[in-house]
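In what follows, a single structure is set out as structure tokens and then discussed.
The values are calculated or read from the model by the stated rules, or taken from the named source; none is laboratory data. Model, not experiment: these values are computed from the prediction. A quick note on method: Cβ atoms are made from the backbone with ideal geometry, for glycine too, and the neighbour counts reach across all protein chains shown. The protein model used for the area step is the full one, side chains on, heavy atoms only, and it has no ligands, DNA or RNA in it. Shrake-Rupley method; radii C 1.70, N 1.55, O 1.52, S 1.80 Å.
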Amino acid sequence: MKEVVVSALQELIVPELDWIKEENGQIKAILELTNKRLDDINLHLADQSRRIDETNKRIDNVRQDLTKRIDDVRKELSRQDTEINRRLDRLYEVIVRRDEHSRVEERVAALERDVNELKRKIAA
């Protein structure tokens, strides 16, 4: 009877164990492929991260260069503003002098008329 029970168990359990071993082998193969794919993805992500870091460095360099150029342009504009203001002040002085000169000419002409009128009155 023991042999019958052992034989029956072997007929039932051995095929099931074989199937479990086959399934286990398939799962291991799939797990290895999955791990390989994850390794590939990790390498790809590391490469992308490195590229992003390089791009950020280039952006920082461009930002620094642009900031320096903007500062240089601001300094030049400030210098030019100072020069323009100086020239405008000089132009204002010239215009005021011309205006004053014109007024002086008018006053001299009026005085000459007055003198000529007085001379005529004295001569008469």
Per residue of segment 24-31, what does 6.51 cos²θ - 1.76 cosθ + 1.60 with θ = phi - 60° give for ³J(HN,Hα)? Whole Hz please, x for Gly and Pro, Karplus curve as stated. 4, x, 5, 5, 4, 5, 5, 4
Helix-only [θ] at 222 nm, the chain, -39500 (n - 2.57) per DSSP H run of 4+, per residue, nearest 500, equals -38000 deg cm²/dmol
Cα-based reach from residue 2 at 16 Å (exclusive), listing aspartates and glutamates while leaving out same-chain residues under 8 positions away: 11
Using a Förster distance of 41 Å, the FRET efficiency for residue 26-residue 6 (Cβ separation, nearest 0.05): 0.90
How high is the FRET efficiency between residue 68 and residue 88 when r is their beta carbon distance and R₀ equals 30 Å, given to the nearest 0.05? 0.50
Global form of segment 63-124, assessed from the alpha-carbon gyration tensor, a/c cut-off 1.5: prolate
Give me the distance in nm between label points sitting 7 Å out from Cα along the Cα-to-Cβ direction at residue 33 and residue 119, one decimal. 12.4 nm
Measure off, as a whole percent, the carbon and sulfur share of the 1.4 Å-probe accessible area of segment 5-48, all protein chains present. 65 percent
I'd like the per residue volume of the convex hull spanned by the Cα atoms of the chain, given in cubic angstrom. 143 Å³
Could you provide, to the nearest whole Å², the per residue accessible area of segment 31-124 with probe 1.4 Å? 97 Å²
Label-point separation in nm, residue 106 to residue 42, each point 7 Å along Cα→Cβ: 9.4 nm
